[in-house]
1. Please compute the modelled spin-label separation between N76 and S7, points set 7 Å along Cα→Cβ, answer in nm with one decimal.
2. Using DSSP to call loops (not H, G, I, E or B), can you name the chymotrypsin sites (Phe, Trp or Tyr not before Pro) in the chain whose Cβ has at most 15 other Cβ atoms within 10 angstrom?
3. Along region 16-26, what does the Karplus equation 6.51 cos²θ - 1.76 cosθ + 1.60 (θ = phi - 60°) give for ³J(HN,Hα), rounded to whole Hz, x for Gly and Pro?
4. In whole Hz, with x marking every Gly and Pro, tabulate ³J(HN,Hα) for region 51-62 from phi via Karplus 6.51 cos²θ - 1.76 cosθ + 1.60, θ = phi - 60°.
5. Which value, in debye to the nearest 20, describes the size of the charge dipole of the chain about its Cα centre when Lys and Arg Cβ atoms bear +1, Asp and Glu Cβ atoms bear -1, and nothing else is charged?
6. Using +1 at the Cβ of each Lys and Arg and -1 at the Cβ of each Asp and Glu in the chain, identify which of I8, M53, F71 lies farthest towards the dipole's positive end.
7. May I ask you to evaluate 6.51 cos²θ - 1.76 cosθ + 1.60, the Karplus curve with θ = phi - 60°, for each residue of region 4-13 and list the ³J(HN,Hα) values in order in whole Hz, giving x for glycine and proline?
8. Nearest 0.05, what FRET efficiency do N36 and D59 give at R0 = 25 Å with Cβ-Cβ as r?
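Nothing in this text is a laboratory measurement; each read-out follows from the coordinates by a stated rule. The structure presented is a predicted model; accordingly, all values stated were derived computationally and were not measured. Note: ideal-geometry Cβ built from the backbone for every residue, glycine included; neighbour counts use all protein chains shown.
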Amino acid sequence: MDKILVSIYVLTIGEEYDIYIPINEKVSDIISLIQNSVREMSGNYYQINTNAMLYSGIDGNIINSNNIVKFSGLTNGARLLLI
């Protein structure tokens, strides 16, 4: 399996989206992918933020943007916050 399904709550627009993300990419690249997907799914309501970060929806810890997704602790069904 080269992708996982995560649920992402976007704080700035108060919406939640389920998105498949590749596990062999850096989290920093995934943040860009997520932001582009959210912008498209929200009808361009979401504005891209170059300083956006991902947080665990369970404990609030920052997801290290320098890690590869498969080594970041993210698993299928993970709940995340995009801030």
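1. 1.6
2. On the way: sites: Y9, Y17, Y20, Y45, Y46, Y55, F71; in loops: Y45, Y46.
Those that pass, being in a loop and sparsely packed, are Y45.
3. Values, residue by residue: 10, 9, 9, 9, 7, 10, x, 8, 9, 10, 5 Hz.
4. 9, 4, 9, 9, 10, 5, x, 8, 10, x, 6, 6
5. Values: 5 positive and 8 negative charges, 28 e Å.
In total the dipole reaches around 140 debye.
6. Among I8, M53, F71, the one farthest towards the positive end of the dipole of the chain is F71.
7. Once rounded to whole Hz, the list reads 10, 9, 10, 9, 10, 8, 9, 4, 5, 10.
8. Values: r = 27 Å, r/R0 = 1.07.
Step by step, r from the Cβ atoms, then E = 0.40.
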